[in-house]
Amino acid sequence: MAQIINGKLVSQNVREAQKKETEELFQKYGKKPGLAVIIVGEDPASKVYVANKEKACIEVGFYSELYRMPESTTIEELLALIDRLNKDDKIHGILCQLPLPKHLDEEKVILAIDPNKDVDAFHPVNTGKIMIGNHSFLPCTPAGVMKLIESTGTDISGKECVVIGRSNIVGKPQAMLLLQANGTVTICHSRTKNLKEVTKRADILVVAIGKADFVTGDMIKEGAIVIDVGMNRRQDGKLTGDVDFESAEKVASYITPVPGGVGPMTITMLLQNTLTAFKQTL
Ligand code: NAP
């Protein structure tokens with residue numbers, strides 16, 4: 001039976017260290033890391049994420065500003081706010097919650113954020129830096145996954161790592177981070193043939209598909225580490241991952257639950273990027 005990787009606990013430990021460092025920096029410089037979060041529209045899931053981000057900021061002693069903008073916001077209004085925040089010395093990180101309402105061009109918004117304040121690491125300058133291994137900010141969810149793997153005491157070097165999913169937010173940067181940790185990395189997607197054959201090779205399997213309970217125990221190598229990034233709502237409203245936990249935990253050595261696995265780490269890594277952005281200004 002697999003050991004459960006407790007994302008809440010790992011996250012709590014990292015946040016305690018962040019809080020301590022924030023206090024020490026405040027004593028020394030009289031300044032705090034500042035994060036501005038922008039939400040446009042009424043998407044219920046985005047509202048929850050944004051509220052959690054603000055709460056987390058307060059918990060570690062950061063300064064935070066929350067901008068709630070109506071669905072009718074124009075691109076000019078949104079870009080004007082980002083421009084103002086880019087120039088604001090109190091703000092070290094800017095996050096615009098995605099997805100945006102359809103009439104707003106996400107690419108324009110991502111490009112407008114100063115790369116030095118781009119704590120989501122979505123700007124091409126930052127994704128490029130991740131690619132060459134010379135990053136300022138790490139992509140939040142993949143960086144959280146790396147911390148969770150690290151918490152098992154496993155050395156990734158030389159391990160067969162399989163990532164299912166190739167999104168710009170999770171799959172691709174995840175593969176890069178595993179590669180930088182010297183894993184032998186395979187990326188799978190919807191056109192992958194014989195998926196089970198590939199996943200069965202994985203010592204470390206990271207699943208980011210967005211399909212409830214898709215990966216079952218028979219697709220997992222005995223003793224593998226299984227990280228479930230998926231967040232799917234069941235019809236009864238319950239949250240579930242991309243991995244069928246019940247069958248997978250019988251085969252894996254370590255597994256993340258949903259909720260309580262990758263989710264808490266994503267916000268923690270956002271805080272880490274904000275702290276990094278702040279320290280770069282000192
Ligand atoms: P996405 O952009 O929809 O990408 C999904 C990926 O899965 C695509 O690359 C797709 O392949 C692949 N895929 C779909 N069906 C497949 C299949 N049958 N076999 C193999 N691959 C398949 O999703 P995402 O943004 O990466 O998110 C993935 C999941 O992670 C979602 O549940 C999301 O809610 C969750 N998530 C969680 C966090 C967190 O903090 N815990 C953060 C971000 C995302 P193609 O490219 O070929 O279409």
For the stretch 171-282, with all protein chains present and a 1.4 Å probe, just round the carbon and sulfur fraction of the accessible area to a whole percent. 50 percent
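If you count only protein heavy atoms with a 1.4 Å probe, what accessible area per residue comes out for the chain, rounded to a whole Å²? All intermediate terms of the calculation are to be shown ahead of the outcome.
Details: 13750 Å² over 282 residues.
Ligands and nucleic acids excluded, the result is 49 Å² per residue.
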Considering only DSSP beta bridges whose two residues both sit in the chain, what percent are antiparallel, to the nearest 5? 5 percent
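Report, in cubic angstrom per residue, the convex hull volume of the C-alpha atoms of the chain. Show your work: numbers first, answer last.
Working: hull volume 36.5 nm³, N = 282.
In the chain, the Cα hull volume divided by residue count equals 130 Å³.
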Using the Karplus equation 6.51 cos²θ - 1.76 cosθ + 1.60 (θ = phi - 60°), what ³J(HN,Hα) coupling, rounded to whole Hz, does each residue of the stretch 165-176 give in order, writing x for Gly and Pro? x, 10, 6, 5, 7, 10, x, 5, x, 4, 4, 5
By a straight-distance test (C-alpha under 28 Å), which lysines pair with Lys129 as possible cross-link partners, with residues fewer than eight away in the same chain excluded? Lys19, Lys31, Lys32, Lys53, Lys87, Lys90, Lys108, Lys117, Lys147, Lys159, Lys172, Lys279
The chain: most fluctuating residue of Thr154, Thr256, Thr184 per GNM, C-alpha cutoff 10 Å: Thr154
Name the long-range amide H neighbours of Val215: under 5 Å, sequence gap of 5 or more, or other chain; modelled H, no Pro or chain starts. Val243, Asp244
Could you work out [θ]222 nm for the chain from helices alone, using -39500 (n - 2.57) per DSSP H run of at least four and dividing by all its residues? Round to the nearest 500 deg cm²/dmol. -12500 deg cm²/dmol
Normalised by the residues of the stretch 1-125, what does the relative contact order come to in percent, with Cα pairs under 8 Å and at least six apart? 26 percent
When the chain is treated as a Gaussian network with springs between alpha carbons less than 10 Å apart, the largest mean-square fluctuation among Gln174, Gln12, Gln27 is found at Gln27
In the stretch 172-282 the DSSP beta bridges are antiparallel at a rate, in percent to nearest 5, of 20 percent
Among Val48, Val60, Val226: highest mean-square fluctuation, GNM of the chain, C-alpha pairs under 10 Å: Val48
Using a basic spin-label model with each label point 7 Å from the Cα along Cα→Cβ, how many nm lie between Thr216 and Asp88? 5.1 nm
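Can you pull the Kirkwood radius for the stretch 63-112, inverse mean 1/r over Cα pairs, to one decimal in Å?
Working: mean 1/r = 0.0864 Å⁻¹.
Here the Kirkwood hydrodynamic radius works out to 11.6 Å.
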Rounded to the nearest 10 Å², the 1.4 Å probe accessible area of Phe214 is 80 Å²
For the stretch 93-147 versus the stretch 1-31, the gap between their alpha-carbon centres in whole angstrom: 22 Å
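With an 8 Å cut-off on Cα pairs and a minimum separation of 6 or more residues, tell me the relative contact order of the chain in percent. Walk me through the numbers on the way to the answer.
Details: 559 pairs, mean separation 63.8, N = 282.
It rounds to 23 percent for the chain.
The values are calculated or read from the model by the stated rules, or taken from the named source; none is laboratory data. The shown structure was predicted, so the numbers you read here are calculated from the model rather than taken from an experiment. With ideal geometry, Cβ positions are generated from the backbone for all residues, glycine too; neighbour counts draw on all protein chains shown. Heavy atoms of the whole protein, side chains included, go into the accessibility calculation; ligands, DNA and RNA do not. Shrake-Rupley method; radii C 1.70, N 1.55, O 1.52, S 1.80 Å.
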